[in-house]
Amino acid sequence: MISESNNSLGEVHASIKTDKRKGWRRIFAFLGPAYLVSVGYMDPGNWATDIAGGSQFGYKLIWVLLMSNLIALLLQSLSARLGIARGLDLAQASKNAYPKWANFPLWILAEIAIAACDLAEIVGMAIGLNLLFGLPLIWGVSISVFDTLLLLLLMKRGMKSIEIFIISLVFIIGVSFFLEMLIVEPVYADVFKGFIPSKLNGSALYIAIGIIGATVMPHNLYLHSSLVQTRKFDQTQLGKKEAIRFNFFDTSIALNLAFFVNAAILILAAAAFHVNGFFGVAEIEDAHKLLHNLFGNAAPALFAVALIAAGQSSTITGTLAGQIIMEGHLNLRIQPWLRRLITRLLAIIPALCTIIFFGEGSLGSLLILSQVVLSLQLGFAVIPLIHFNSDKTLMGTFAIKTWVKILAWASSAIIIYLNITLVINEIKGWLTGNGNHWAIYFIVIPLVLACMALLVYVFVHPLISKAKEDKKLVPHGSASSFKAVNSISYHKIGITTDFSKNDEKIIRNALMQGGKDAVYTFIHVVETAAARYHGNNTLDNETKLDEENLVKYQFDLQNLGYQITYKIGYGNPALAISKIVKEENLDFLVMGAHGHKGFKDLIFGATVDAVRHRINIPVLIVN
């Protein structure tokens, strides 16, 4: 259905009050959104890239982690600023700024990023369950679909419950790795040398881009701009300025904690594997096994517990981001459980296919690939974010300063340059290999060129657009102006009937809409098996009885002075009703609601919703 709310994450929008709190309690009221964002920076995808980087290159890629964290801190603070100053999330702002034809591919690319992120959570969760309890990977992947139920439960209890749950899991991850460092005992002098930048090429570039994609995650930019709106604060200049300042504290603390966790994983891999000559450890299972061989039982157990906590926490934020992206880009809101189920299935299917066709040992490579996919999508989120924060017309006094713009565009340039380099190198590698290259020339290269063209457009469009005054500041447009209100009269009114006790109420409401000047058409649909097969040739007993009831309605109301006709439809109620509405050229329809909802809708169907999406006339629903 089309979203009826202008608010991002409408279920929890402005649900946490901050205005009545003072001192530290006021500051703590703002803390929380960045912790939900930060779990994306320490998810199982990070583990795969950090372990691969640490085992293969020792401490040499720590500077990439630090650079990624600083870029993330800058971009997440811009995301929070957008949400607070404009009251829009990044997807809503993109929908307003770019034409429809551009928004659809932007949504598709964002959904791919969500699926890649969720894929990492699923695989990590399954691996963690396998390592700790011996549960087969394919079972772990399959049961991860039920994570969506946990999120629904937490959403009902409010945003603070979600934040407390996430912070608890982050605490478990942090403690686990602190204890891991005590067990492994790295040489910290060598660790500090890793902060010196070094040249990236070949596999180091691939892993470095994976680290960037795993750290600066595009879905987090959408998520953060929405989560800051869960705080109810004073919508004045002073109130927004205070909210931006407190959220910057929140972001700085949470993301620096995430950096220490990431650095701990890479240092653990370097100290445990690279130093001992194990240079090719890229699989989480191999890391767990080697930890057991090198350091006994405690280290691998802590490793598995932290992995499960990382997967569980990250999957919650990923599904929330999926809801934000769909509602923002498409103005389309579906049931939360269905949105989260779709997100999960988009990730489960490739994971299951990988296990079935390539074996469980290939999941580690799939994890790293998912992070590279995330990095490749970053430009499509980062460029609009910088544009929106730089626009003084829309942001007013909250538009970012010149030095912040320079840092933001430099960060964007680094990410895009590394991504383009990686894509070119990968295509060159494929072309130099054996086999038929038609798919590369006719599918891969055209898709890459199309994405490049879209990226250029996303960058150029706000610069050349001369209609800034026409840009909407709300997701769904502005309210219309009314100077006079003319009454609307309906002449052909349809009334759906099922001969239940509700019919009288439905008919009374219909007659009030047109009085005795309108023509009323009673509509009844026969749903028997014979009706579904034979259509209007059906002559069964139910059809005859239904027509007799319609004739009785017609006779009684004609005696009261109303103009009455009737039509019988056959088979699917929604299709039959919409067909009659169009054939009879009706201009108003009155329907009764069936009274059931939720799970019963799945069983019995929801005729009202199905009908109103098929017709373009007003519908009055009588409960």
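The values are calculated or read from the model by the stated rules, or taken from the named source; none is laboratory data. Remember, it's a predicted structure, so these values are computed and weren't measured experimentally. Positions of Cβ are backbone-derived with ideal geometry, glycine not excepted, and every protein chain shown enters the neighbour counts.
Of everything listed in (1) without any contact (Cβ under 8 Å) to a residue 40 or more places away in the chain; (2) under 17 Å from ALA102 (Cα atoms); (3) buried (at least 17 other Cβ atoms within 10 Å of the Cβ), the single unmet condition for SER390 is (2). For residues in segment 229-258 being crowded, with 17+ Cβ neighbours inside 10 Å and among the β-branched types (Val, Ile, Thr), which is modelled with the lowest pLDDT? For segment 229-258, the residue satisfying everything is THR230. When GLU285 is tested against (1) modelled with pLDDT of 80 or more; (2) surrounded by fewer than 19 Cβ atoms within 10 Å (Cβ to Cβ), just one condition goes unmet, and that condition is (1). Out of (1) without any contact (Cβ under 8 Å) to a residue 12 or more places away in the chain; (2) surrounded by 11 or more Cβ atoms within 10 Å (Cβ to Cβ), the odd one out for THR402 is which? So the condition that THR402 fails would be (2). Against the numbered list (1) modelled with pLDDT of 80 or more; (2) buried (at least 19 other Cβ atoms within 10 Å of the Cβ); (3) not charged (D, E, K, R), ALA102 comes up short only at (2).
Among residues that are of a type in the set (Lys, Arg) and touching a helix residue (DSSP H, G or I) at 6+ places or on another chain (Cβ under 8 Å), LYS405 is included.
Being in the same structural domain as SER94 (by TED's automatic domain parsing) and crowded, with 22+ Cβ neighbours inside 10 Å is a property that ALA189 lacks.
Pairing residues of segment 173-200 that are over 10 Å from LEU302 (Cβ atoms) with residues that are of a type outside the set (A, V, I, L, M, F, W, C) and at pLDDT below 80, at Cβ distances under 7 Å and at least 6 apart in sequence or on separate chains, gives no pairs at all.
Screening GLY322 against (1) at pLDDT below 70; (2) over 24 Å from ALA208 (Cα atoms); (3) under 18 Å from the mean Cα position of the chain (by Cα) leaves a single unmet condition, (1). On the basis of being hydrophobic (A, V, I, L, M, F, W, C), modelled with pLDDT of 85 or more and assigned by TED's automatic domain parsing to the domain that holds VAL590, does VAL525 make the cut? Considered against the rule, which asks whether it is hydrophobic (A, V, I, L, M, F, W, C), modelled with pLDDT of 85 or more and assigned by TED's automatic domain parsing to the domain that holds VAL590, VAL525 comes out as yes.
Every residue, every condition in (1) modelled with pLDDT of 90 or more; (2) assigned to a loop (DSSP other than H, G, I, E, B); (3) touching an Asp or Glu at 6+ places or on another chain (Cβ under 7 Å), yes or no:
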residue	(1), (2), (3)
GLY535	no, no, no
LYS544	no, no, no
VAL551	yes, no, no
ASN585	yes, yes, no
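Summed over segment 360-419, residues that are of a type outside the set (Ser, Thr, Tyr), modelled with pLDDT under 70 and more than 24 Å from ALA91 (Cβ to Cβ) total 8.
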